[in-house]
Amino acid sequence: MRHSKGLPGDTSVSFRSASRRRALTALLISFAAISVESRAQSASGLLVSRAELTAAATQAEVAASTGEPNQRLQSAMLAAAIRQRLREGDLQVGDRVVVTIVSDAVHRDTVVVRSGRSLELPGMIMVPVAGVLRSELQERVSTEVLKYVKAQQIEVTPLMRVGVLGAVARPGFFAFASDIPLTDAIMGAGGPTGIADLKRSIVRRRSQQYRSAAETSRAIASGLTLDQFGLSAGDELIVGNRREFGASTLIAMTGALASVLALAVALNRH
């Protein structure tokens, strides 16, 4: 598709764009369906465990010392980020958690991680969460609640505020459940646009690339969740654009070439 306005009444450009957007959306839906089907029997698998993180850190450290030279730095950064996550846990001050307690009635509250890294539940129940992973939060909260409440069921859903930017219909920051697939996060931002290229998507953390296009593309295709892919509050999932040479690009290239030729002619005259 070229970035040109087209002739009056010419709908071919917009039709191709709409068709591509529908195809990308259908692809995302199929990825999500495969993800749900493959993990339907193990909901706990949607949040990464401490053992899995430890194994991933070890693997990244090996890659940092023995891998390809151009990948060693990124592997070292990934290993350091995982080790920090293991030490400090996932919950940061300001993060929100949805807690549902079923006793004589259903009580659902959204609580915020307070200073000192703790959750204050209704009834003045304090739950320390420093060093706790999202996959460990259910057990930690349940243990504290059951000291004071005879609950038949306790559900804990940690939320994660992440940005979904780039080639999506409604870019912005969203509070998602940590166990949703990356595909669901993209659809939550309105889905991919007609110029989106999922294979060029990356994850950015503190204005620096945290996950490469190759890693992000594999994660999307594999149906990984936000938590499984190691995202944290404030991270940005940037959906990539297709590389295109539209009319404006060609004009700019032609102008640059003309400038170079003019400079060469001028130099030859001296």
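Among the residues of the stretch 107-118, write down those that are under 12 Å from V141 (Cβ atoms) and loosely packed, with under 14 Cβ neighbours inside 10 Å.
Within the stretch 107-118, just D109 meets the criteria.
Tell me whether the stretch 185-192 contains one or more residues that are buried (at least 19 other Cβ atoms within 10 Å of the Cβ) and in contact with a Phe, Trp or Tyr (Cβ under 9 Å, 6 or more places away or on another chain).
Within the stretch 185-192, one or more residues are buried (at least 19 other Cβ atoms within 10 Å of the Cβ) and in contact with a Phe, Trp or Tyr (Cβ under 9 Å, 6 or more places away or on another chain).
Step by step: first the residues of the stretch 228-257, then only those that are at pLDDT below 95 and of a type in the set (D, E, K, R), then the one that is nearest to V48 (Cα to Cα). Which residue is that?
The qualifying residue nearest to V48 (Cα to Cα) is R242.
Restricting attention to the stretch 63-83, report how many residues are open to solvent by 80 Å² or more (accessible area, probe 1.4 Å) and assigned to a helix (DSSP H, G or I).
7
Can you pull out the residues in the stretch 112-140 that are touching a residue at least 60 places away in the same chain (Cβ under 8 Å) and more than 24 Å from L53 (Cα to Cα)?
Scanning the stretch 112-140 gives no hits.
Is there a residue in the stretch 96-106 that is touching a residue at least 24 places away in the same chain (Cβ under 8 Å), β-branched (V, I, T) and open to solvent by 60 Å² or more (accessible area, probe 1.4 Å)?
There is no residue in the stretch 96-106 that is touching a residue at least 24 places away in the same chain (Cβ under 8 Å), β-branched (V, I, T) and open to solvent by 60 Å² or more (accessible area, probe 1.4 Å).
Tally up the residues in the stretch 49-98 that are among the basic types (K, R) and farther than 22 Å from L133 by Cβ, please.
1
Tell me whether the stretch 165-179 contains one or more residues that are open to solvent by less than 30 Å² (accessible area, probe 1.4 Å) and touching a Phe, Trp or Tyr at 6+ places or on another chain (Cβ under 9 Å).
Within the stretch 165-179, not a single residue is open to solvent by less than 30 Å² (accessible area, probe 1.4 Å) and touching a Phe, Trp or Tyr at 6+ places or on another chain (Cβ under 9 Å).
In this structure, is Q208 within 28 Å of V93 (Cα to Cα), surrounded by fewer than 12 Cβ atoms within 10 Å (Cβ to Cβ) and modelled with pLDDT of 90 or more?
For Q208, the condition - within 28 Å of V93 (Cα to Cα), surrounded by fewer than 12 Cβ atoms within 10 Å (Cβ to Cβ) and modelled with pLDDT of 90 or more - is met.
Exactly one condition in (1) among the polar types (S, T, N, Q); (2) touching a strand residue (DSSP E or B) at 6+ places or on another chain (Cβ under 9 Å); (3) not in a strand (DSSP E or B) is not met by T110; state its number.
Going through the list (1) among the polar types (S, T, N, Q); (2) touching a strand residue (DSSP E or B) at 6+ places or on another chain (Cβ under 9 Å); (3) not in a strand (DSSP E or B), T110 breaks only (3).
Right, R140: modelled with pLDDT of 95 or more and surrounded by fewer than 21 Cβ atoms within 10 Å (Cβ to Cβ) or not?
yes
Of the residues L91, L133, L121, which is over 17 Å from Q228 (Cα atoms) and open to solvent by less than 20 Å² (accessible area, probe 1.4 Å)?
Result: L121 is the single residue among L91, L133, L121 that is over 17 Å from Q228 (Cα atoms) and open to solvent by less than 20 Å² (accessible area, probe 1.4 Å).
Grab the helices (runs of 4 or more DSSP H) fully contained in the stretch 134-246, keeping just those with 3 or more residues being of a type outside the set (V, I, T) and in contact with a strand residue (DSSP E or B) (Cβ under 6 Å, 6 or more places away or on another chain).
Per the criteria, 134-145.
The values are calculated or read from the model by the stated rules, or taken from the named source; none is laboratory data. This structure is a prediction, so every number in the text was calculated from the model and none was measured. Positions of Cβ are backbone-derived with ideal geometry, glycine not excepted, and every protein chain shown enters the neighbour counts. Side chains included, ligands, DNA and RNA excluded: accessible areas come from the protein's heavy atoms. Shrake-Rupley method; radii C 1.70, N 1.55, O 1.52, S 1.80 Å.
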